[in-house]
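Taking it in order: structure first as structure tokens, then the write-up.
Computed from the coordinates by the stated procedures, all read-outs in this text should not be read as laboratory data. All values reported here derive from a predicted model rather than from experimental measurement. Every residue, glycine as well, gets a Cβ built from its backbone with ideal geometry; the counts of neighbours run over all protein chains shown.
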Amino acid sequence: MLDPRYAYMSAYLKGEEPKVVTPEHIDRMSRASNVQDAVAAIRETDVGSYLEEIPTNTFDDLDRALWCYFSERIKCVEAMKLLPGDMLKVSRAYTAKYDISNLKAALQGISTGEKSPMIPVGIIHNNGLVDELFGVGNVDDIIELLTKCRLGAYVPTLKGYDATGEAKSKLLVESRLDGEYYKSMLSMAKSIRDGAVLSKALGLIIDLTNLQIVSRAIIEGIGTDAAECTIAGGYMITDKAIRDLLSFKLADIPRRLENSQYRDIANEVLSSYDRTKSITAVEEIIDKHKFRLLKEMLSPMVLSPLVMAWYLILKEVEIRNLRLILKAIADSMPVDEIKRYLVL
């Protein structure tokens, strides 16, 4: 018999979905002349009501408030007494992606001397050490911190990291951190109900992440030297096939992909890069398609631990979109100019 806690948590988390910011809210925000009016346009949403209660004078204040909101929502759900153990596993494993994001920011700070704000989500944050990570001066400090947080699986990747190294070295470290994260996620998926569905979704995301790595490597002139940077565990593109793509030009990638869906995505990446000549175009296109694939696979799931995965994805996309919109408004930039960067 199905644990009744799944019914309760599914009803609760699905009940939260109508409270997120929708494209209609974004249209309203796009007509706002200032940040305060933009926030007022979403006051009936959960995040909007939260922001109206927080004093914010600058975009940095809003940015911190958005991440604090996200962090508090995760804590609230994880603290529920009726939360099944499988759902907690999903949440803890999934939000480790923010540990990776914070590690990358810390490494970037060591390389450039410019500190980036830490995101208050993840195991390092839960251990009260995210401020310490922000202040690290070298890689050895990071390794010591990871050991304290029992995140030793990431330590081998950081050993020997050259803060003054070339783009290839940095790309390799970042992709290996991502690879370790996906390895952990795939391992977790094997231990939960409906884990096969989650494993397939992760495999598809690894495929797209590898496509992103290949596109970035070709644009940056790294080419086949980035072969070690690809991530194992893809669903439809073999490790060999993704490495073979590195020897081609960006314009050749679409016709080299057997899957028509991936071919269309690669064409979109190529078109966007040709138009903008910005490497960020790669990430923007890939992120949209990651969200679409995850929505197709996870959104219909009910009475399952995967309801938690979809809730977290939905909330983080909401935060991502709001950060872009509010930054544009704060900088007096028309929202219409950044709409193509939104994940909807």
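Select from the range 8-117 those GluC sites (Glu not before Pro) which occupy a DSSP coil region and have at most 15 other Cβ atoms within 10 Å, ordered by residue number.
Numbers: sites: GLU16, GLU24, GLU44, GLU52, GLU53, GLU72, GLU78, GLU114; in loops: GLU44, GLU53, GLU114.
Here the sparse-neighbourhood loop sites are GLU44, GLU53, GLU114.
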Query raised in the report: Taking the chain as a Gaussian network, where each spring joins two C-alpha atoms under 10 Å apart, which residue of ILE213, ILE329, ILE205 fluctuates the most?
Result: ILE329
Query raised in the report: Once a ≥ b ≥ c are taken as the square roots of the eigenvalues of the Cα gyration tensor of the range 159-276, is the result rounded (a/c under 1.5), prolate (a/b larger than b/c) or oblate (a/b not larger than b/c)?
Result: oblate
Query - Compactness relative to 2.2 N^0.38 Å, alpha carbon Rg of the range 1-103 - result: 1.28
Query raised in the report: When the chain is modelled as a GNM with alpha-carbon springs shorter than 10 Å, which of ASP287, ASP244, ASP207 fluctuates the most?
Result: ASP244
Query raised in the report: How about LYS277: which lysines have a C-alpha closer than 16 Å to its C-alpha, ignoring those fewer than 8 places off in the same chain?
Result: LYS249
Requested in this report: Mind giving me the nanometre distance, one decimal, between the label points for SER187 and SER116, set 7 Å out from Cα along Cα→Cβ?
Outcome: 2.6 nm
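How high is the FRET efficiency between GLU17 and GLU296 when r is their beta carbon distance and R₀ equals 25 Å, given to the nearest 0.05?
Details: r = 15 Å, r/R0 = 0.62.
Efficiency, rounded to the nearest 0.05: 0.95.
If we count trypsin sites (Lys or Arg not before Pro) as exposed when they sit in a DSSP loop and have at most 15 other beta carbons within 10 Å, what is the longest stretch of the chain that avoids them all? Write out the running numbers ahead of the final one.
Working: sites that count: ARG31, ARG43, LYS81, LYS115, ARG150, LYS159, LYS190, LYS249, LYS277.
By the stated rule (loop sites, at most 15 other Cβ atoms within 10 Å), 278-344.
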Query raised in the report: With springs only between Cα atoms under 10 Å, which of ILE119, ILE100, ILE54 fluctuates most in a Gaussian network model of the chain?
Result: ILE54
Report summary line: With the 8 Å Cα cutoff and a minimum separation of six or more residues, the chain has a relative contact order in percent of 20 percent
Query raised in the report: Between rounded, prolate and oblate, where does the chain land on the alpha carbon gyration tensor, with a ≥ b ≥ c its root eigenvalues, rounded for a/c under 1.5, else prolate if a/b exceeds b/c?
Result: rounded
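For every other residue with a beta carbon closer than 12 angstrom to the beta carbon of TYR6, add +1 if it is Lys or Arg and -1 if Asp or Glu, then tell me the sum. Display every interim value, and only then the final one.
Working: positive: ARG5, LYS14, ARG193; negative: ASP3, ASP86, ASP194.
Neighbourhood net charge equals 0.
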Query raised in the report: Say the cut-off is 23 Å between C-alpha atoms; which of LYS14/LYS315; LYS75/LYS170; LYS200/LYS288; LYS81/LYS290; LYS115/LYS339; LYS81/LYS104 go over it?
Result: LYS75/LYS170; LYS81/LYS290; LYS115/LYS339; LYS81/LYS104
Report summary line: Excluding residues fewer than 8 positions from LYS19 in its own chain, the aspartates and glutamates with Cα under 12 Å of it are GLU44, ASP46, GLU318
